[in-house]
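See structure below.
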Amino acid sequence: MQPRVAAFTDTYLPTVNGATYTVRTWRERWQARGGRMDVVYPDADYDPEPGEHPVASLDFPFYEGYRVAVPYVPRGVVTPDVVHAHSPFSVGVAGYRYARTHDAPFVVSYHTPTSEYVEYVAPDILTPPLERVSERWERWFLERADLVLAPSERTCEHVRDLGVATPTEALSNGVDVEFFAPTDAGEFRERHDLPDGPLVGYTGRHGYEKRLRDLVDAAADLDATVVFGGDGPARDDLEARAHEVGADVRFLGFLEREELPAFYSALDVFAFPSPVETEGLVALEANACGTPVVGADAGALVETIDDGETGYHFPVGDVAAFRDAIRRALAEVASLSETCLERREEVSVSRAIDQLEAAYARVLE
């Protein structure tokens with residue numbers, strides 16, 4: 001019999017990000033195996049399904065798309081065998097208390113190093129002290145766990161560098177390879193009026209921490225059209241920069257999830273300059289659609305991308321090297337794409353759920 005799991009997250013639908021879809025997909029796959037996984041999350045403009053429990057929340061004024069919730073547990077949440085928190089903030093703290101109330105193992109997934117985002121929500125003068133406070137809070141929270149799961153070995157190392165003694169294991173969030181698969185992108189290109197010829201693109205949050213301006217600058221001397229899907233606080237500045245450098249850059253805005261396989265399939269190369277990824281799930285989604293990735297040689301992308309196999313790396317902030325790596329990937333797109341497709345099952349969410357089930361079994365022992 002599968003353990004009953006109560007999951008707690010500070011970000012959930014309709015917010016679009018990797019953590020949101022990971023929690024939702026894990027819940028669906030866990031329940032497809034006959035288990036129960038309830039989710040507690042900040043309320044928003046979303047119609048919950050049975051087993052999804054919203055709590056009162058307010059918009060977070062400094063970071064678009066995030067909400068601050070009241071740290072309590074609604075009635076009706078499953079009596080847990082395991083409590084699994086996906087964030088260290090208010091809802092995550094409610095999860096910790098819920099685990100202790102029911103004497104249940106407490107598992108934490110470490111999706112995002114919060115200290116790396118401080119500089120984008122606070123004045124420069126406050127950044128260093130707030131980073132230290134953030135790291136101390138993360139360390140306190142993670143040390144309350146019986147097990148920490150991180151989506152890459154690099155992120156596991158970061159957790160240990162914080163001084164956390166809790167056992168920490170790498171567990172990929174996984175990709176739904178049945179959904180993210182090569183598809184005919186002709187209708188997508190026509191609908192978005194994309195030109196013939198090579199396409200290089202990115203989709204996801206347009207946050208300053210992602211260094212997307214480097215991609216716009218790389219596009220200036222690139223014999224390809226650069227396409228951005230998604231939205232976020234940096235979009236206006238990115239559009240202005242594209243006009244300033246005279247780059248062929250198209251901004252498609254928010255893309256429905258159903259459009260993403262066609263988006264990835266339309267691209268020849270997925271470009272990912274972000275140095276702050278804990279896994280870089282969109283890179284794995286692109287690979288699952290047969291699209292190689294050129295990404296920053298930092299964070300989890302160090303291991304997510306296999307140079308010469310599924311894409312190439314470049315040094316963070318080196319626009320010339322970024323452009324050269326994109327050109328190299330475009331020249332080798334056929335062989336890189338073939339390897340990406342050969343490795344689809346290695347990054348599948350089914351494999352991730354197998355590992356999650358084993359992790360739950362260990363903490364229950």
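General observations
- Out of A283, A298, A325, sole residue that is more than 12 Å from V200 (Cβ to Cβ) and touching a strand residue (DSSP E or B) at 6+ places or on another chain (Cβ under 6 Å): A283
- Single match in R362, R323 (criterion: in contact (Cβ under 8 Å) with a residue 12 or more places away in the chain, crowded, with 18+ Cβ neighbours inside 10 Å and of a type outside the set (F, W, Y)): R323
Residues are listed down the side, and each one gets a yes or a no for (1) over 17 Å from the mean Cα position of the chain (by Cα); (2) closer than 28 Å to T114 by Cβ; (3) in a strand (DSSP E or B); (4) not small (G, A, S):
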residue: L252; (1), (2), (3), (4): yes, no, yes, yes
residue: L255; (1), (2), (3), (4): no, yes, no, yes
residue: E259; (1), (2), (3), (4): yes, no, no, yes
residue: S265; (1), (2), (3), (4): yes, no, no, no
residue: A283; (1), (2), (3), (4): no, yes, no, no
residue: N287; (1), (2), (3), (4): no, yes, no, yes
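- Matching entry among V164, V159 (being of a type in the set (V, I, T), touching a residue at least 40 places away in the same chain (Cβ under 8 Å) and in the same structural domain as I353 (by TED's automatic domain parsing)): V159
- Comparison of D231, D237 shows that the only residue that is out of contact with any Gly (no Cβ under 8 Å at 6 or more places or on another chain), in contact (Cβ under 8 Å) with a residue 12 or more places away in the chain and not aliphatic (A, V, I, L, M) is D237.
- Taking the criterion of being at pLDDT 95 or above, among the acidic types (D, E) and either in contact with a strand residue (DSSP E or B) (Cβ under 7 Å, 6 or more places away or on another chain) or part of a loop (DSSP other than H, G, I, E, B) (or both), the only residue of segment 224-241 that qualifies is E239.
- Selection status of G76, small (G, A, S) and assigned to a loop (DSSP other than H, G, I, E, B): yes
- Long-range neighbours under 9 Å by Cβ, at least six apart or interchain, first residue assigned to a loop (DSSP other than H, G, I, E, B) within segment 37-48, second surrounded by 17 or more Cβ atoms within 10 Å (Cβ to Cβ) and among the polar types (S, T, N, Q): D43/S57; A44/T15; A44/S57; Y46/T15
The values are calculated or read from the model by the stated rules, or taken from the named source; none is laboratory data. In this text, all values refer to a predicted model and were calculated from it rather than measured experimentally. When we count neighbours, we look across all protein chains shown, and the Cβ atoms used for this are built from the backbone with ideal geometry, even at glycine.
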